[in-house]
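Written out below as structure tokens is the structure these notes cover.
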């Protein structure tokens with residue numbers, strides 16, 4: 001951990017605010033002091049911070065997080081400015097400049113948006129800025145339920161090619177059950193899915209202002225470790241010890257290898273717009289031989305998509321085996337099903353002889 005040169009730290013709402021809502025200045029200051037110490041030893045830091053909606057509750061006189069979307073967006077509008085202002089002041093005490101980066105699902109699912117977000121974050125880090133990332137809750141719809149920023153933090157870690165992801169919560173690690181139940185045990189290390197077989201996760205939170213729980217944190221850890229990025233899950237109170245390399249919390253060891261950002265984006269940051277149904281031969285060609293998908297291997301199509309959209313490739317039993325960027329609109333695909341490239345070129349023109357999904361635009365699930 002001490003060798004990590006670029007670290008993404010995610011902190012949840014309940015670790016920054018009071019139970020009644022509103023920012024807790026002492027908690028923010030302690031967190032910033034820890035992150036500034038990491039910067040002082042030469043590592044770069046990206047902070048993914050929840051808390052905009054929670055920070056807006058008290059100024060608006062709201063006793064708890066509202067259920068209505070419009071009220072949540074209003075609270076985010078008020079709270080986001082307060083949250084970033086607090087971070088700006090606290091980091092300035094250490095001579096550090098912060099930059100606000102607000103993202104929505106589109107920014108990590110649409111290729112052009114993803115590339116722009118990646119370039120912005122890279123430039124901020126090159127300039128010595130501490131990026132403070134949050135969802136753009138003011139204009140978001142279902143994004144507000146994006147997983148308490150846990151999944152977003154894992155995607156940001158991939159986006160900036162981080163060496164480490166630290167998830168700070170109000171629980172000191174991953175337990176095999178509810179930590180409030182006697183007899184449960186905290187897992188110190190998770191090296192693969194087998195270590196999670198007996199774990200029962202749920203929404204665990206003390207302050208009642210966050211949205212996530214251990215389910216979203218484990219999902220985020222899977223995404224990051226599958227891309228070669230180790231993860232530490234612990235409480236905000238243990239942030240200093242964790243970032244100093246002490247054995248606190250739960251360590252999720254990297255299970256995969258680093259892959260091109262483009263494939264990480266495709267595997268974890270996209271929602272399929274439809275499904276392409278493959279015969280058994282096409283499944284073998286795509287999965288085992290790394291081949292492109294040809295029209296001859298298609299048996300059907302579902303969904304409403306355009307050329308360039310992500311789609312799932314499913315086997316004869318309907319199970320997704322790959323995801324890729326399709327080269328045809330959904331309306332065009334039925335005419336391609338089961339036909340060879342030569343037939344398509346002869347009957348429909350040279351433009352229809354291309355592959356349906358190129359192997360360079362595909363990732364095996």
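Please treat every number below as a calculation from the coordinates, not as lab data. Owing to the predicted nature of the structure, the values given are computational and were not obtained by experimental measurement. Glycine gets a Cβ as well: all are built from the backbone with ideal geometry, and neighbour counts include every protein chain shown.
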Quick one: Cα convex hull volume of the chain, Å³ per residue? 143
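I'd like the Kirkwood hydrodynamic radius of the stretch 52-126, using the inverse of the mean 1/r over distinct C-alpha pairs, in Å. Intermediate results must be reported in sequence, preceding the final value.
Working: mean 1/r = 0.0701 Å⁻¹.
Result for the stretch 52-126 stands at 14.3 Å.
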Suppose a student asked you for the relative contact order of the stretch 6-264, using Cα pairs under 8 Å spaced at least 6 residues apart; what percent would you report? 22
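Please tell me the relative contact order of the stretch 207-300 in percent, rounded to the nearest whole number, where contacts are Cα pairs under 8 Å and at least six residues apart.
Values: 84 pairs, mean separation 20.0, N = 94.
Computed value for the stretch 207-300: 21 percent relative contact order.
Between residue 331 and residue 116, take the C-beta separation as r, use R0 = 30 Å, and let me know the FRET efficiency to the nearest 0.05.
With a Förster radius of 30 Å, E is 0.50.
What does the extension gain come out to for residue 359 and residue 126, with contour length at 0.36 nm per residue minus their alpha carbon separation?
80.6 nm
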Would you mind calculating the relative contact order of the stretch 272-364 from Cα pairs under 8 angstrom and at least 6 residues apart, reporting the percent as a whole number? 33
Expressed in nm to one decimal, what extension gain is obtained for the pair residue 70 and residue 3 from 0.36 nm per residue of sequence separation less their Cα-Cα distance? 19.7 nm
Helix 25-40 against the longest principal axis of the chain: what's the angle in degrees, Cα atoms only, rounded to the nearest 10? 70
In nm, spacing of pseudo-spin labels at residue 246 and residue 184 (7 Å Cα→C-beta vector): 2.3
Chain lengthening between residue 197 and residue 254 when straightened (0.36 nm per residue, less Cα-Cα): 18.8 nm
Testing the spin-label approximation: label points 7 Å from Cα along Cα→Cβ at residue 348 and residue 37. State their distance in nm. 6.2
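Beyond 18 Å, how much of the Cα-Cα pair distribution for the stretch 267-345 remains, as a whole percent?
Details: 1044 of 3081 pairs.
Of the Cα pairs, 34 percent sit more than 18 Å apart.
Grab the DSSP H runs of the chain that are 4 residues or longer, score each as -39,500 (n - 2.57), total them, divide by all residues and round the 222 nm result to the nearest 500 deg cm²/dmol. Could you put the intermediate results ahead of the total?
On the way: 11 runs with 119 residues, N = 365.
The helix-only estimate for the chain comes to -10000 deg cm²/dmol at 222 nm.
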Which shape class applies to the stretch 1-91: rounded if a/c is under 1.5, otherwise prolate when a/b exceeds b/c and oblate if not, where a ≥ b ≥ c are the square roots of the Cα gyration tensor eigenvalues? prolate
When you count, for each residue, the other Cβ atoms within 10 Å and take the mean per peptide, how do 46-58, 242-254 rank with the highest first? 46-58, 242-254
Longest principal axis of the chain (C-alpha) makes with the long axis of helix 214-226 (C-alpha) an angle, in degrees to the nearest 10, of 60
Peptides 95-104, 185-194, 66-75 ordered by average Cβ neighbours within 10 Å, highest first: 95-104, 66-75, 185-194
Please list 358-365, 316-323 highest first by mean number of surrounding beta-carbon atoms within 10 Å per residue. 358-365, 316-323
Whole-Å distance linking the alpha carbon centroid of the stretch 234-308 with that of the stretch 312-341 is 18
What's the exposure ranking of 352, 87, going from fewest to most Cβ atoms within 10 Å? 352, 87
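With the cut-off at 1.5 for a/c, could you classify the stretch 310-365 from its C-alpha gyration tensor as rounded, prolate or oblate? It would help to have the intermediate numbers written out before the result.
Values: a/c = 2.31, a/b = 1.77, b/c = 1.30.
In terms of gyration-tensor shape, prolate.
Assuming a ≥ b ≥ c are the square roots of the Cα gyration tensor eigenvalues, decide whether the stretch 84-136 counts as rounded (a/c under 1.5), prolate (otherwise, with a/b larger than b/c) or oblate.
Oblate, since a/c reaches 1.5 and b/c is not below a/b.
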Mean shadow area of the stretch 157-204 over all directions, Cα convex hull, nm²: 4.4
